[in-house]
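Contents: one structure, followed by commentary.
The values are calculated or read from the model by the stated rules, or taken from the named source; none is laboratory data. The structure presented is a predicted model; accordingly, all values stated were derived computationally and were not measured. Glycine also receives a Cβ, built like all others from the backbone with ideal geometry; neighbour counts cover every protein chain displayed. Calculation scope for accessible area: heavy atoms of the full protein, side chains included, ligands and nucleic acids excluded. Shrake-Rupley method; radii C 1.70, N 1.55, O 1.52, S 1.80 Å.
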Amino acid sequence: MAIIYSGGLWTVALVFAMSCGYVWALNWPKMAYKALTLLAILVVLGALLLPETHVFRLRIIEGLHWWKWAAILAFPVLIYASLVRKIQKKVDARYDS
């Protein structure tokens, strides 16, 4: 259990990915993916309720810190991509008629 506790966000992501693989291999209903996603989110949120010195909580916070910066860097790219897609749809609509 000590290895799982010290793993943090990457451990949660790995267990989530492996569980999704089992759901896919066993051909379970699509709702199982939603349930697994909700469970992973609840594990991360539950880890934040652990004591401040708990290793699993510290590792989760480190992982979330990395994802925060990744989201900050990806946000302008996603805005630009959506703007280009919107302009492309307008150009296609103009030349279709």
From the square roots a ≥ b ≥ c of the eigenvalues of the alpha-carbon gyration tensor of the chain, which class results: rounded (a/c under 1.5), prolate (a/b over b/c), or oblate? oblate
Quick check: pseudo-label points 7 Å beyond the Cα along Cα→Cβ at H65 and L39, how many nm apart are they? 3.0
With every protein chain kept in place and a 1.4 Å probe, the stretch 1-78 has an accessible area per residue in Å² of 79
For the chain, what does the helix formula give at 222 nm: sum of -39500 (n - 2.57) over DSSP H segments with n ≥ 4, over the residue count, nearest 500 deg cm²/dmol? -29000 deg cm²/dmol
For the pair W28 and Y95, how long in nm is the line joining their label points, each one 7 Å along Cα→Cβ? 4.7
